[in-house]
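Asker: Supplied in structure tokens, the structure appears directly below.
Readers should treat all values here as calculations from the given coordinates under stated rules, not as data from a laboratory. Because the structure is a prediction, the values reported are computed rather than measured. Note that each Cβ is placed from the backbone with ideal geometry, even for glycine, and that neighbours are counted across all protein chains shown.
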Amino acid sequence: MAVSSSFLRSKRFLIIVGLYVAGILIIRLNGFGEFRHADVNTTGRTLPVYRPPMMPGFGLESLVMVAGHAIYVSGVWTRESIYNESNWFLEQGQAGQVSTFIEHMKTGVEAAATDSMSLLIFSGGETRKGAGPRSEAQTYWLVADALGWFGHPQVASRAFTEEHARDSFENLSFSMCRFRELTGRYPSNTTIVSFKFKKRRFLELHAEALSLPKSTVHYLGVDPPIMVEATSGELSSAAVPFEQDPNGCQHTILTSKRAKRNPFARTIPYPAGCPEMSGVLLHCGNSKFSGQVPW
């Protein structure tokens, strides 16, 4: 008996629909597309958070951010080679600071080791044309790994990179966004590791520009042995411009630095991974962002 073409089409349609529904059920049973609630501040407010199946930092609560300053260019990862300054791409004024950069890494790892609920982020982009497309963040992660995580190997599974920051404001703001990408929430506490002389810039300018609660932001500073070279220009080339331009988006000194520190024309992906930060990240003006922030 001949079967009508309309019947066959209807049967194929039902089979396709059935397979589609079965696929959705399988995905749901395997945990894909699961929505959870994650705290985003200390006042009890919660934010619905989409949890991808491979979110590696899910459940972690606090952020330790180490700001990058230089790039290692050797392919040899012995301790002797790492401490040899000729194997680093250093800018003028950075001579004698490699041991301090490594101390920053160590300080960050130790801070993360004392808090099992913390996530460590090394922040810094591909900022040096002469170093090739290597990021400061990758350098710091690889150096810490080569040096055995300074005696705290358990931190390795909680250590990640943020590879787009071009200045200190972006070190902090992009790391907040990266934390959101990795955990599905924003940190309840943030510890910043950098030079001691940059403490005011980070706490009074950048954290303030992001409206971070003061009680949740902490600072660990380690200064280089040669302070004159390191601190020259801190006020005129960084602190004062950021006072006039909190997000660093319009002052000539700050915008020219960002342009110079993006020699490989990387497109900034944020706030794609942290949509709740869109307002504060995209803000540009002479005063700080006054809208809502997710912490």
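Asker: Name the pairs: first residue in the stretch 197-226 and farther than 23 Å from F101 by Cα, second residue not in a helix (DSSP H, G or I), Cβ to Cβ under 6 Å, at least 6 apart or on different chains?
Answerer: Once the first residue is farther than 23 Å from F101 by Cα and sits in the stretch 197-226, its partners that are not in a helix (DSSP H, G or I) give A209/P246; A209/K288; S211/V293; T216/N189.
Asker: Is there a residue in the stretch 285-294 that is over 22 Å from V64 (Cα atoms) and of a type in the set (A, V, I, L, M)?
Answerer: Residues of the stretch 285-294 that are over 22 Å from V64 (Cα atoms), as a first pass: 285-292.
Pick out the ones that are also of a type in the set (A, V, I, L, M) and you get none.
No; the residues of the stretch 285-294 include none that is over 22 Å from V64 (Cα atoms) and of a type in the set (A, V, I, L, M).
Asker: Taking the condition of being surrounded by 24 or more Cβ atoms within 10 Å (Cβ to Cβ) and part of a helix (DSSP H, G or I), how many residues in the stretch 156-176 meet it?
Answerer: Total meeting the criteria: 8.
Asker: In a loop (DSSP other than H, G, I, E, B), closer than 28 Å to R180 by Cβ, without any contact (Cβ under 8 Å) to a residue 60 or more places away in the chain and not charged (D, E, K, R): is that true of S74 in this structure? Working first, answer last.
Answerer: On the way: in a loop (DSSP other than H, G, I, E, B): yes; closer than 28 Å to R180 by Cβ: no; without any contact (Cβ under 8 Å) to a residue 60 or more places away in the chain: yes; not charged (D, E, K, R): yes.
No: the conditions fail for S74.
Asker: Among the residues of the stretch 208-250, which ones are in a helix (DSSP H, G or I) and of a type in the set (S, T, Y)? Walk me through it before giving the result.
Answerer: In the first step, residues of the stretch 208-250 are kept if they are in a helix (DSSP H, G or I); the result is 208-209, 214-216, 227-231, 234-244.
Passing the criteria: S215, T216, T231, S236, S237.
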